[in-house]
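The values are calculated or read from the model by the stated rules, or taken from the named source; none is laboratory data. Predicted, not measured: the structure shown is a model, and the values here were computed from it. Note that each Cβ is placed from the backbone with ideal geometry, even for glycine, and that neighbours are counted across all protein chains shown. Quick note on the areas: whole protein, heavy atoms, side chains included, nothing else; ligands and nucleic acids left out. Shrake-Rupley method; radii C 1.70, N 1.55, O 1.52, S 1.80 Å.
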Amino acid sequence: MTRPALRRRTSLPPIDPQAYAPTPARPVRCKVRRLAAATRVDPHQHPWAQVAMSSTGVIRMTAAHSTYIVPPTRALWIPPGVEHVVTVLEDAEIRTLYVDPGATLGDRGRADGPDWQACRVLEVSSLLRELVAALDDAPGESDPTPRELGLGALVLDELSRASRVRLGVDLPADPRLRGLCEAVLDAPARWSSLDDLAAHAGASPRTVARLFRSELGTTFQQWRQQVLLAHALSLAARRVPMATIAAELGYASASAFTAMVKRSVGAPPSRFFA
(Lines give C-alpha, C1' and ligand atoms only; values in the text may rest on other atoms or scores of the structure.)
Protein backbone atom coordinates (compact mmCIF):
# COMPACT_ATOMS: atom_id res chain seq x y z
CA MET A 1 0.00 0.00 0.00
CA THR A 2 1.29 3.46 -0.86
CA ARG A 3 0.66 6.50 1.27
CA PRO A 4 -1.83 8.91 -0.34
CA ALA A 5 -0.55 12.41 -0.93
CA LEU A 6 -1.72 14.91 1.66
CA ARG A 7 -2.48 18.55 1.13
CA ARG A 8 0.55 20.76 1.08
CA ARG A 9 1.11 22.31 4.49
CA THR A 10 3.50 24.71 6.14
CA SER A 11 5.32 23.12 9.09
CA LEU A 12 6.45 25.20 12.05
CA PRO A 13 8.33 24.29 15.22
CA PRO A 14 6.56 24.85 18.54
CA ILE A 15 7.29 28.09 20.38
CA ASP A 16 9.90 27.51 23.10
CA PRO A 17 7.72 25.90 25.77
CA GLN A 18 10.07 26.89 28.58
CA ALA A 19 9.08 30.50 27.97
CA TYR A 20 5.63 29.60 29.31
CA ALA A 21 6.53 26.83 31.77
CA PRO A 22 4.07 26.63 34.68
CA THR A 23 5.32 26.17 38.22
CA PRO A 24 3.72 25.33 41.59
CA ALA A 25 3.81 29.06 42.36
CA ARG A 26 2.33 29.95 38.96
CA PRO A 27 0.30 26.84 38.05
CA VAL A 28 -1.54 28.19 34.99
CA ARG A 29 0.17 29.92 32.06
CA CYS A 30 -1.45 31.12 28.84
CA LYS A 31 0.10 31.35 25.38
CA VAL A 32 -1.52 32.94 22.31
CA ARG A 33 -0.48 32.05 18.77
CA ARG A 34 -2.07 33.14 15.49
CA LEU A 35 -1.62 30.67 12.64
CA ALA A 36 -2.84 30.54 9.05
CA ALA A 37 -4.85 27.68 7.58
CA ALA A 38 -2.85 24.61 6.45
CA THR A 39 -0.15 25.28 9.05
CA ARG A 40 1.16 22.30 11.00
CA VAL A 41 3.04 22.58 14.28
CA ASP A 42 5.61 19.79 14.52
CA PRO A 43 5.17 16.91 17.03
CA HIS A 44 6.18 17.85 20.58
CA GLN A 45 5.36 17.18 24.21
CA HIS A 46 5.62 18.87 27.61
CA PRO A 47 6.22 17.70 31.18
CA TRP A 48 3.03 19.54 32.14
CA ALA A 49 -0.61 19.29 31.06
CA GLN A 50 -1.99 21.38 28.21
CA VAL A 51 -5.40 22.70 27.27
CA ALA A 52 -5.74 23.66 23.60
CA MET A 53 -8.57 25.93 22.49
CA SER A 54 -9.19 28.50 19.79
CA SER A 55 -10.65 31.97 20.11
CA THR A 56 -11.35 31.99 16.38
CA GLY A 57 -10.92 29.37 13.69
CA VAL A 58 -10.75 25.59 13.87
CA ILE A 59 -7.74 23.40 14.61
CA ARG A 60 -7.13 19.66 14.56
CA MET A 61 -5.11 18.15 17.40
CA THR A 62 -3.58 14.70 17.06
CA ALA A 63 -2.49 13.09 20.33
CA ALA A 64 -2.26 9.62 21.85
CA HIS A 65 -3.39 7.75 18.70
CA SER A 66 -6.49 9.90 18.25
CA THR A 67 -7.31 13.11 16.42
CA TYR A 68 -9.74 15.80 17.56
CA ILE A 69 -11.43 18.72 15.83
CA VAL A 70 -11.31 21.76 18.14
CA PRO A 71 -13.60 24.70 17.29
CA PRO A 72 -14.08 27.67 19.67
CA THR A 73 -16.85 25.80 21.54
CA ARG A 74 -14.52 22.97 22.59
CA ALA A 75 -11.12 22.50 24.22
CA LEU A 76 -8.77 19.52 24.33
CA TRP A 77 -7.08 18.40 27.54
CA ILE A 78 -3.68 16.76 26.90
CA PRO A 79 -1.98 15.08 29.89
CA PRO A 80 1.71 15.62 30.70
CA GLY A 81 4.16 13.80 28.46
CA VAL A 82 1.75 13.06 25.59
CA GLU A 83 3.12 13.89 22.14
CA HIS A 84 0.77 15.99 20.02
CA VAL A 85 0.56 17.73 16.65
CA VAL A 86 -1.47 20.81 15.71
CA THR A 87 -2.98 21.22 12.23
CA VAL A 88 -4.79 24.47 11.46
CA LEU A 89 -7.92 23.88 9.38
CA GLU A 90 -8.78 27.57 9.04
CA ASP A 91 -7.04 30.76 10.18
CA ALA A 92 -7.05 30.53 13.96
CA GLU A 93 -6.06 32.31 17.13
CA ILE A 94 -4.97 29.47 19.39
CA ARG A 95 -4.97 29.92 23.15
CA THR A 96 -2.97 27.29 24.97
CA LEU A 97 -3.06 26.77 28.72
CA TYR A 98 -0.09 25.10 30.39
CA VAL A 99 -1.05 23.52 33.72
CA ASP A 100 1.42 22.45 36.39
CA PRO A 101 1.10 18.70 37.15
CA GLY A 102 0.52 19.45 40.81
CA ALA A 103 -2.32 21.90 40.16
CA THR A 104 -5.63 21.08 41.82
CA LEU A 105 -8.63 20.61 39.51
CA GLY A 106 -11.64 21.17 41.74
CA ASP A 107 -12.66 17.93 43.43
CA ARG A 108 -11.12 15.85 40.62
CA GLY A 109 -7.62 15.78 42.14
CA ARG A 110 -4.36 16.90 40.57
CA ALA A 111 -3.61 17.59 36.93
CA ASP A 112 -1.45 14.45 36.81
CA GLY A 113 -4.00 12.37 38.75
CA PRO A 114 -5.80 9.26 37.42
CA ASP A 115 -8.91 11.18 36.34
CA TRP A 116 -6.81 13.32 34.01
CA GLN A 117 -4.40 10.80 32.48
CA ALA A 118 -6.22 10.57 29.14
CA CYS A 119 -7.00 13.16 26.49
CA ARG A 120 -10.53 14.53 26.75
CA VAL A 121 -12.65 16.99 24.80
CA LEU A 122 -14.30 19.60 27.01
CA GLU A 123 -17.11 22.05 26.41
CA VAL A 124 -15.94 25.65 26.74
CA SER A 125 -18.31 27.73 28.84
CA SER A 126 -18.68 31.46 28.31
CA LEU A 127 -17.04 31.99 31.69
CA LEU A 128 -14.04 29.80 30.86
CA ARG A 129 -13.56 31.60 27.54
CA GLU A 130 -13.54 35.03 29.24
CA LEU A 131 -11.23 33.84 32.04
CA VAL A 132 -8.68 32.53 29.54
CA ALA A 133 -8.90 35.75 27.52
CA ALA A 134 -8.10 37.73 30.68
CA LEU A 135 -4.97 35.73 31.57
CA ASP A 136 -1.55 37.28 31.08
CA ASP A 137 -0.01 35.77 27.92
CA ALA A 138 3.47 37.35 28.17
CA PRO A 139 6.38 34.86 28.02
CA GLY A 140 9.22 34.68 30.51
CA GLU A 141 9.63 34.26 34.23
CA SER A 142 7.95 36.69 36.56
CA ASP A 143 6.10 36.63 39.84
CA PRO A 144 2.35 36.17 39.38
CA THR A 145 0.07 38.96 40.51
CA PRO A 146 -2.79 38.22 42.92
CA ARG A 147 -5.19 38.82 40.02
CA GLU A 148 -3.44 36.24 37.83
CA LEU A 149 -3.50 33.66 40.63
CA GLY A 150 -7.21 34.31 41.17
CA LEU A 151 -7.97 33.95 37.47
CA GLY A 152 -5.89 30.78 37.30
CA ALA A 153 -7.76 29.23 40.21
CA LEU A 154 -11.08 30.00 38.52
CA VAL A 155 -9.81 28.51 35.24
CA LEU A 156 -8.88 25.27 37.01
CA ASP A 157 -12.28 25.13 38.69
CA GLU A 158 -14.09 25.69 35.38
CA LEU A 159 -12.00 22.98 33.71
CA SER A 160 -12.96 20.53 36.44
CA ARG A 161 -16.66 21.36 35.92
CA ALA A 162 -16.58 21.30 32.11
CA SER A 163 -18.72 18.65 30.45
CA ARG A 164 -16.86 15.99 28.51
CA VAL A 165 -17.74 15.48 24.84
CA ARG A 166 -17.28 12.02 23.38
CA LEU A 167 -15.84 13.24 20.12
CA GLY A 168 -12.54 11.99 18.83
CA VAL A 169 -11.29 9.90 15.94
CA ASP A 170 -8.94 6.99 16.65
CA LEU A 171 -5.83 6.70 14.50
CA PRO A 172 -3.87 3.52 13.77
CA ALA A 173 -0.22 2.83 14.48
CA ASP A 174 0.22 0.94 11.20
CA PRO A 175 1.80 3.45 8.76
CA ARG A 176 -0.04 1.99 5.76
CA LEU A 177 -3.47 2.51 7.31
CA ARG A 178 -2.39 5.79 8.91
CA GLY A 179 -1.81 7.29 5.47
CA LEU A 180 -5.29 6.28 4.33
CA CYS A 181 -6.90 7.66 7.47
CA GLU A 182 -5.09 10.98 7.01
CA ALA A 183 -6.45 11.16 3.47
CA VAL A 184 -10.00 10.65 4.72
CA LEU A 185 -9.52 13.26 7.44
CA ASP A 186 -8.41 15.77 4.81
CA ALA A 187 -11.38 15.08 2.49
CA PRO A 188 -14.07 12.92 4.15
CA ALA A 189 -16.70 13.56 1.47
CA ARG A 190 -14.35 12.31 -1.24
CA TRP A 191 -13.71 8.92 0.38
CA SER A 192 -17.21 7.54 0.96
CA SER A 193 -16.45 3.98 -0.17
CA LEU A 194 -13.96 1.42 1.07
CA ASP A 195 -13.53 0.21 -2.52
CA ASP A 196 -12.51 3.70 -3.72
CA LEU A 197 -10.10 4.15 -0.82
CA ALA A 198 -8.51 0.75 -1.40
CA ALA A 199 -8.17 1.36 -5.14
CA HIS A 200 -6.46 4.71 -4.48
CA ALA A 201 -3.97 2.92 -2.23
CA GLY A 202 -3.39 0.08 -4.67
CA ALA A 203 -4.69 -2.52 -2.22
CA SER A 204 -7.65 -4.85 -2.08
CA PRO A 205 -10.78 -3.83 -0.13
CA ARG A 206 -10.37 -7.00 1.94
CA THR A 207 -6.86 -5.96 3.00
CA VAL A 208 -7.95 -2.46 4.01
CA ALA A 209 -11.02 -3.80 5.84
CA ARG A 210 -8.82 -6.25 7.76
CA LEU A 211 -6.47 -3.42 8.78
CA PHE A 212 -9.38 -1.34 10.11
CA ARG A 213 -10.58 -4.28 12.20
CA SER A 214 -7.15 -5.25 13.53
CA GLU A 215 -5.83 -1.72 14.13
CA LEU A 216 -8.95 0.16 15.20
CA GLY A 217 -11.46 -2.55 16.08
CA THR A 218 -14.08 -1.10 13.77
CA THR A 219 -15.24 -1.00 10.17
CA PHE A 220 -14.29 1.70 7.70
CA GLN A 221 -17.85 3.08 7.61
CA GLN A 222 -18.12 3.25 11.42
CA TRP A 223 -14.75 5.01 11.64
CA ARG A 224 -15.69 7.40 8.83
CA GLN A 225 -18.87 8.39 10.68
CA GLN A 226 -16.72 9.71 13.52
CA VAL A 227 -14.72 11.71 10.97
CA LEU A 228 -17.92 13.16 9.52
CA LEU A 229 -19.15 14.14 13.00
CA ALA A 230 -15.86 15.89 13.72
CA HIS A 231 -15.97 17.84 10.46
CA ALA A 232 -19.64 18.68 10.98
CA LEU A 233 -18.69 20.13 14.35
CA SER A 234 -16.15 22.46 12.74
CA LEU A 235 -18.72 23.62 10.17
CA ALA A 236 -21.40 24.11 12.82
CA ALA A 237 -18.96 26.27 14.79
CA ARG A 238 -18.95 28.64 11.80
CA ARG A 239 -22.77 28.67 11.89
CA VAL A 240 -23.06 26.87 8.55
CA PRO A 241 -26.72 25.79 8.06
CA MET A 242 -27.37 22.11 8.75
CA ALA A 243 -28.60 21.51 5.19
CA THR A 244 -25.33 22.91 3.84
CA ILE A 245 -23.31 20.76 6.24
CA ALA A 246 -25.21 17.67 5.10
CA ALA A 247 -24.52 18.49 1.45
CA GLU A 248 -20.82 19.21 2.03
CA LEU A 249 -20.41 15.86 3.76
CA GLY A 250 -22.07 13.97 0.93
CA TYR A 251 -25.56 13.34 2.36
CA ALA A 252 -28.51 13.47 -0.01
CA SER A 253 -30.64 15.37 2.48
CA ALA A 254 -30.51 17.08 5.87
CA SER A 255 -32.82 14.38 7.27
CA ALA A 256 -30.36 11.63 6.29
CA PHE A 257 -27.56 13.52 8.03
CA THR A 258 -29.75 14.07 11.11
CA ALA A 259 -30.49 10.34 11.27
CA MET A 260 -26.74 9.55 11.22
CA VAL A 261 -26.05 12.00 14.05
CA LYS A 262 -28.86 10.57 16.18
CA ARG A 263 -27.59 7.02 15.64
CA SER A 264 -24.03 7.99 16.50
CA VAL A 265 -24.44 10.24 19.54
CA GLY A 266 -28.06 9.77 20.63
CA ALA A 267 -28.98 13.41 20.10
CA PRO A 268 -30.14 15.52 17.15
CA PRO A 269 -27.68 17.90 15.48
CA SER A 270 -29.43 20.94 16.95
CA ARG A 271 -28.47 19.79 20.46
CA PHE A 272 -25.15 18.05 19.80
CA PHE A 273 -23.65 20.93 17.80
CA ALA A 274 -25.13 23.70 19.97
Discussion item. I need the peptides 131-144, 24-37 ranked by packing, meaning the mean over residues of other C-beta atoms within 10 angstrom, with the highest value on top.
Written reply: 24-37, 131-144
Worksheet item: Spin-label point model (7 Å from Cα, Cβ direction): what's the Ala153 to Ala199 distance in nm?
Response: 6.4 nm
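With r as the distance between the Cβ atoms of Ser270 and Asp107 and R0 = 30 Å, compute the FRET efficiency 1/(1 + (r/R0)^6) and round to 0.05.
After rounding, the FRET efficiency stands at 0.40.
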Item to complete: With all protein chains present, calculate the accessible area of Thr244 using a 1.4 Å probe and round the result to the nearest 10 Å².
Response: 60 Å²
Discussion item. For region 24-129, what does the accessible surface come to per residue with a 1.4 Å probe? Please give it in Å².
Written reply: 35 Å²
Worksheet item: Modelled label-to-label distance, Thr23 and Ala189, 7 Å Cα→beta-carbon offset: nm?
Response: 5.1 nm
Worksheet, complete the sentence: Excluding ligands, DNA and RNA, the carbon-plus-sulfur percentage of the accessible area of the chain with a 1.4 Å probe reads 50 percent
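Apply 1/(1 + (r/R0)^6) to the Cβ-Cβ distance of Asp16 and Leu127, taking R0 = 41 Å, and write down the FRET efficiency to the nearest 0.05.
0.85
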Worksheet item: Quick one: length gained pulling Asp42 to Gln221 fully straight, 0.36 nm per residue minus the C-alpha distance?
Response: 61.5 nm
Worksheet item: Taking a point 7 angstrom from the Cα of Ser214 along the C-beta vector, which residues in region 176-198 have backbone N less than 18 Å away?
Response: 176-181, 198
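Using the beta-carbon distance between Gln117 and Arg164 and R0 = 22 Å, what value does 1/(1 + (r/R0)^6) give for FRET efficiency, to the nearest 0.05?
Result of the calculation: an efficiency of 0.95.
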Worksheet item: Where does region 61-214 land on Rg(C-alpha)/(2.2 N^0.38 Å)?
Response: 1.29
Worksheet item: Can you give the calculated 222 nm mean residue ellipticity of the chain, where each DSSP H run of n ≥ 4 adds -39,500 (n - 2.57) and the sum is split over every residue, rounded to the nearest 500 deg cm²/dmol?
Response: -11000 deg cm²/dmol
